[in-house]
Structure formats: structure tokens, C-alpha cells
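Asks: Handing you a structure now.
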Amino acid sequence: MPFFTGEHETAIGAKRRLAINSALREEQDPEDGEQFYLVLGPDKHLWLYPDGYYRKLASRMKRSLLPSRQVHKMSLFFAMARLLKPDSQGRVVLPEKSLQRAGLDKVEMVTLLGKGDHIEIWPTDEWEQVIDEAMPNYGEMLYEAADLLDGEMADDT
């Protein structure tokens, strides 16, 4: 399973090229794939999944000859996904439609966020606003997370 971390500022180039930071590329396990699937996340930010890992996740979804409402809803998720092939410098070309849907078509500076199994692409000013709002309670958030982990570890014993 991939494990991406950190925040990395970069620019979307004039030809819609995005350089995926080398620190993030180094965290990518070749077993999870070397290309990326670009999907629109529930928060309307673009998410990048290693292609092999994305295929594993997708294959876990139930298939049926008869369509269900849930499968029908998920078909939009697959229809909007795009396979991106990084060049030798780790750059990918972002589709114009994806940029528009995420509200990034007029944004130049973005921050790539390692979010565990995927990378999220946020407008840098929006990400900085989230950080500014979260910092006053950061210590308390860490204590709450530690309490949850302690509770989970106690359940495992």
C-alpha cells in the first residue's frame, strides 16, 4: 500500500504540466505502479493514486450483470478518472476538464499533499488557509489522535 506524506509547493505550467515532487516519487513503491490515476475527490480536489494500487481498489468493487444504484453512481467516478504517465522528470499533463472541475484552471501555484495512499492537489492559498485555521488547535488534535490510537491498541490486545 502506498504511503505518501508531506506538503510540496509547485506550479502548474503553461501546458498544464505538473511536476510531482521527487520526495513524493521516492515514497512510491514500484509494486503499486509508476503511473497515476487522476480522480476528482469528494472535496473537489484532484487526487493522484498509483495506477496499480488504484486498479486493486477498483477491482474490489462488486460487479453484477444487473446494474445497481450504487454501481451506477460509481460509474461517474471511473468515467472522470484519467491515467497520467509521468515523463522522465516526473511531470504529468493535467487534463483541462479535470482542472476545470476542480477549479484549478485559473490557478498557478498548488500544493501537493501526501495523504497516505494518495496525493491531493490543492490551490496553495486554500491549503495555507486550512493550516492557518487548524494551527491554534493543532496540539489538541494530536492529543485526540493519540487517545484514539491508545484505544485501538488496547482493543487489539
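The values are calculated or read from the model by the stated rules, or taken from the named source; none is laboratory data. Being a predicted model, the structure only gives us computed values, none of them experimental. As a convention, Cβ positions derive from the backbone with ideal geometry for all residues, glycine included, and neighbour counts pool all protein chains shown.
Asks: Can you tell me which residue among 139, 151, 114 is touching a helix residue (DSSP H, G or I) at 6+ places or on another chain (Cβ under 7 Å) and among the small types (Gly, Ala, Ser)?
Replies: 114
Asks: Would it be correct to say that residue 61 is without any contact (Cβ under 8 Å) to a residue 60 or more places away in the chain and not in a helix (DSSP H, G or I)?
Replies: Taking the combined requirement at face value, the residue satisfies it.
Asks: Of all residues in region 124-146, which are closer than 19 Å to residue 7 by Cα and among the acidic types (Asp, Glu)?
Replies: Answer for region 124-146, where residues must be closer than 19 Å to residue 7 by Cα and among the acidic types (Asp, Glu): 125, 126, 128, 132, 133.
Asks: Then there is this: Would you confirm whether any residue within region 103-110 is assigned to a helix (DSSP H, G or I) and over 25 Å from residue 29 (Cβ atoms)?
Replies: no
Asks: Taking region 79-116 on its own, how many of its residues are loosely packed, with under 12 Cβ neighbours inside 10 Å and either touching a residue at least 60 places away in the same chain (Cβ under 8 Å) or of a type in the set (Phe, Trp, Tyr) (or both)?
Replies: So the count comes out to 3.
Asks: Identify, please: which residue in region 6-29 is out of contact with any His (no Cβ under 6 Å at 6 or more places or on another chain) and assigned to a loop (DSSP other than H, G, I, E, B) and is, among those, modelled with the lowest pLDDT?
Replies: Within region 6-29, the match that is modelled with the lowest pLDDT is 14.
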